[in-house]
Amino acid sequence: MARVYLETSFFSACVTTRTDVESLFWKRESLGWLKTQSARHELFISGEVLAELSQPSYPRSKEALAFVAGIAVLDATAEVLGLARVLVNEKVMPGPLEGDAVHVAAAAFHRMDYLLTWNVKHLANPNKRVHLSRVCLRVGLAPPEIVTPSNLWEPEDDSD
């Protein structure tokens, strides 16, 4: 079973009320992934996901938080925050020391196989993959593969 870190944008997509084509696609893919793919993986979030979803200004916060119930929460250790600081200082992730940098650091430090996100600007950005790999390997960690739900879809097992 692969270890998968679910980033905040995944849960946002699950509860969005937007009606543009991209948002509707992301919502359908996210809900479909939860229904058909989540049991094939070990799922994790971090306190950063909980903090972001808990903000009073977060759209549909209660509904989004309901999706994280029962998912294991990774510790935001001093090492995680230190790695996040390195990622910001090395310009792999934008500052400040929260959000994207903490998500990637938590996933790398806790040895996730994948980080699942819809954030294609800063996270699932192929242009950042090599830079992220170099920085993580320099500190002795393997980076997670950062993918969208559409890219982490295993076919149905026909052997049943």
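Observations
- If you filter region 107-133 down to residues that are out of contact with any strand residue (DSSP E or B) (no Cβ under 9 Å at 6 or more places or on another chain) and at pLDDT 85 or above, you find that the one that is nearest to residue 73 (Cα to Cα) is 118.
- Just one of the listed residues (29, 42, 22) is over 15 Å from residue 103 (Cα atoms), touching a strand residue (DSSP E or B) at 6+ places or on another chain (Cβ under 9 Å) and not hydroxyl-bearing (Ser, Thr, Tyr), namely 42.
- The condition (being in contact with a helix residue (DSSP H, G or I) (Cβ under 8 Å, 6 or more places away or on another chain), more than 29 Å from residue 111 (Cβ to Cβ), surrounded by 14 or more Cβ atoms within 10 Å (Cβ to Cβ) and among the small types (Gly, Ala, Ser)) is satisfied by just one residue among 12, 23: 23.
- One residue stands out among those in region 98-109 that are of a type outside the set (Gly, Ala, Ser) and crowded, with 20+ Cβ neighbours inside 10 Å: the one that is farthest from the chain's Cα centre (by Cα), which is 109.
- Set side by side, the residues 135, 130, 73 differ, and just one is among the aliphatic types (A, V, I, L, M) and under 27 Å from residue 40 (Cα atoms), which is 73.
- Some residue of region 20-35 being assigned to a loop (DSSP other than H, G, I, E, B) and either of a type in the set (S, T, N, Q) or at pLDDT below 95 (or both): no
The values are calculated or read from the model by the stated rules, or taken from the named source; none is laboratory data. Predicted model only: the values in this text are computed from it and were never measured. Reconstructed Cβ throughout: ideal geometry from the backbone, glycine too, with neighbour counts over all protein chains shown.
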